1. Any idea which of His72, Phe137, Val125 is furthest toward the positive side of the dipole for the chain, if Lys and Arg beta-carbons carry +1 and Asp and Glu beta-carbons -1?
2. Normalized C-alpha radius of gyration of the chain, against 2.2 N^0.38 Å?
3. Counting only C-alpha contacts under 8 Å and six or more residues apart, can you give the relative contact order of the range 126-211 as a whole percent?
4. How high is the relative contact order of the range 1-100? Use alpha-carbon pairs under 8 Å, at least six apart in sequence, and give a whole percent.
5. Of the beta bridges DSSP finds with both residues in the chain, what % are antiparallel, to the nearest 5?
6. Given H placed 1.01 Å from N in the peptide plane, which residues other than close sequence neighbours of Val94 have an amide H under 5 Å from its amide H?
7. Based only on Cα atoms, what Rg/Rh ratio does the range 133-237 have, Rh being taken as Kirkwood's radius?
8. Neighbour counts of other C-beta atoms within 10 Å: give me His72, His119 arranged from fewest to most.
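Just so it is clear, none of the values below were taken in a lab; they were calculated from the coordinates. Predicted model only: the values in this text are computed from it and were never measured. With ideal geometry, Cβ positions are generated from the backbone for all residues, glycine too; neighbour counts draw on all protein chains shown.
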Amino acid sequence: MALKYKRVMLKISGEALAGEKGFGIDQNILSKISSKIKEAHDMGVDMGIVVGGGNFWRGRSSTGMDRTTADHMGMLATVINALALQDALEERGVPTRVQTALEMPRVAETYIRRRAIRHIEKRRVVIFACGTGNPYFSTDTAAVLRAAEIEAEVILLAKNVDAVYDSDPKLNPNAVKYDRISFMEVLSKQLGVMDSTATSLCMDNNIPLLVFSIKEPENIIRVLNGDNVGTFVAREV
């Protein structure tokens, strides 16, 4: 079967790695996700990955703390997840590099665009940690920025919800699921797929987005094969 996408950016939320525990890393979940990333790699897909840190720290919820400090703590949380994912992938024989937006050379490479692209050309999976390296920007924004820089064809937004809805399906059992929707609609309806900065960056750079559930890691493969999974978000639909 022909691949739908050859080079992708996979965004994994930190919460997804926590599984039902809600905190830390669920090794069973990490194992399942890593196995599917290996399968995608074996299929010939070039992949960059941005991972969140919400399973350890959520800067937005740190009331009373300086925002910049809280965001820097969140960046460090993403490094924990990136290293765990790297270890799981290398255990499965997938060559992997972690690049961080904050310099920590004894832990991982510092992000350099040309080096990241060279790694990908050499069939290495590159995991981008520390977000953009700047406070006030989410890891969603980092995923879009890195996707643009490595010239990814699509962003795979792997979340704990299976698609984009017109309201929170956890609170509204009658929430309507979208199969396809434009970035402008997402912004105007304030659907919260990503923060508005990330959504606008996607729209401005014409990078489509596929939102699907990571609770079924097989969805990663299904999306790459062109199956109708989750919600497709683009400039025009």
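1. Ranked along the dipole, the leading option is Val125.
2. On the way: Rg = 16.6 Å, N = 237, 2.2 N^0.38 = 17.6 Å.
Against the compact-globule rule of thumb, the ratio is 0.95.
3. Reported relative contact order: 35 percent.
4. Relative contact order for the range 1-100 comes out at 30 percent.
5. Numbers: 5 of 34 bridges.
That works out to approximately 15 percent antiparallel.
6. Those lying under 5 Å, H to H, from Val94: there are none.
7. Working: Rg = 13.3 Å, Rh = 14.0 Å.
For the range 133-237, the value is 0.95.
8. On the way: His72 18, His119 21.
Sorted ascending by nearby Cβ count, the order is His72, His119.
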